[in-house]
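The structure appears below as structure tokens.
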Amino acid sequence: MVMRTVDRLVPWIVGALVATVAIGAVYGVVQQGDRSSADDAPQALISQLVSVSGSDTPGAAQSPRVNVAESRMPFYVVYNADGRPIAGDGYLDGKRARIPEGVLQNTVANGSDHLTWEPQPGVRLALTTAREGQVVIAAGQSLSAFEQRTDRLGLLLLLGWLLTLAALACGAVLHVVLGRRLDRPSP
């Protein structure tokens, strides 16, 4: 009788595992797609700066300051060959934002970079860099909107997963109970 019960539960357990893997995969794909799309605005900003630049310093024209710790607006900073910020609208703590030296070195060596930068606790930015002549242009934007959207989707997927497991558990219990009744000999 124990073996029959176990045999009846196997398909339901497999169903729960399949549901778990499927919902986890959906979350992973959506999260990665959302994070990748956060690079679109910074990449477009770099392209725009390079295409309209009439000087050796792309983006040298004045533009309003963007506080990268608080704003969701895309921003940019241009760095000279020494790694010092020389133009741009991205500010952090009242000064032009300074990206890590390793990012600048990687950009000079490879031509570009895409990363998540956390200049302060709780401030996460999608950052894209590109080498343009003797300068490096870094453009970015806050990840807060993207992460909030991913969190909401994660909650919905968690709810869907819990409901799926509850439905599978109910089905498994009914299958076992009804199976035992059918297994009883008739009087």
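Annotations
- Residues of the stretch 1-48 that turn out to be part of a helix (DSSP H, G or I) and farther than 30 Å from residue 89 by Cα, as a count: 29
- Any pair with Cβ under 6 angstrom, 6 or more apart, that starts in the stretch 131-160 at a residue that is more than 30 Å from residue 19 (Cβ to Cβ) and ends at one that is open to solvent by 80 Å² or more (accessible area, probe 1.4 Å) and not hydrophobic (A, V, I, L, M, F, W, C): 142/72
- Restricting 116, 20, 107 to those that are open to solvent by 20 Å² or more (accessible area, probe 1.4 Å), touching a Lys or Arg at 6+ places or on another chain (Cβ under 8 Å) and of a type outside the set (A, V, I, L, M) reduces the list to 116.
- Any hit, the stretch 134-152, residues being open to solvent by less than 40 Å² (accessible area, probe 1.4 Å), more than 17 Å from residue 50 (Cα to Cα), among the polar types (S, T, N, Q) and part of a strand (DSSP E or B): yes
- Checking residue 99 against (1) farther than 17 Å from residue 49 by Cβ; (2) touching a residue at least 24 places away in the same chain (Cβ under 8 Å); (3) assigned to a loop (DSSP other than H, G, I, E, B), the condition it does not meet: (1)
- Just one of (1) more than 24 Å from residue 162 (Cβ to Cβ); (2) exposed (fewer than 11 other Cβ atoms within 10 Å of the Cβ) fails for residue 38. It is (2).
- Among residues of the stretch 163-187 that are β-branched (Val, Ile, Thr) and part of a helix (DSSP H, G or I), those with a Cβ under 9 angstrom from a residue that is open to solvent by 100 Å² or more (accessible area, probe 1.4 Å) and at pLDDT below 85, sequence gap 6+ or separate chain, pair up as 176/4.
The values are calculated or read from the model by the stated rules, or taken from the named source; none is laboratory data. Just so you know, these numbers come straight off a predicted model, no measurement behind them. Cβ atoms come from the backbone with ideal geometry, glycine included; neighbour counts cover every protein chain shown. Protein only, heavy atoms only, side chains kept; ligands, DNA and RNA dropped before computing areas. Shrake-Rupley method; radii C 1.70, N 1.55, O 1.52, S 1.80 Å.
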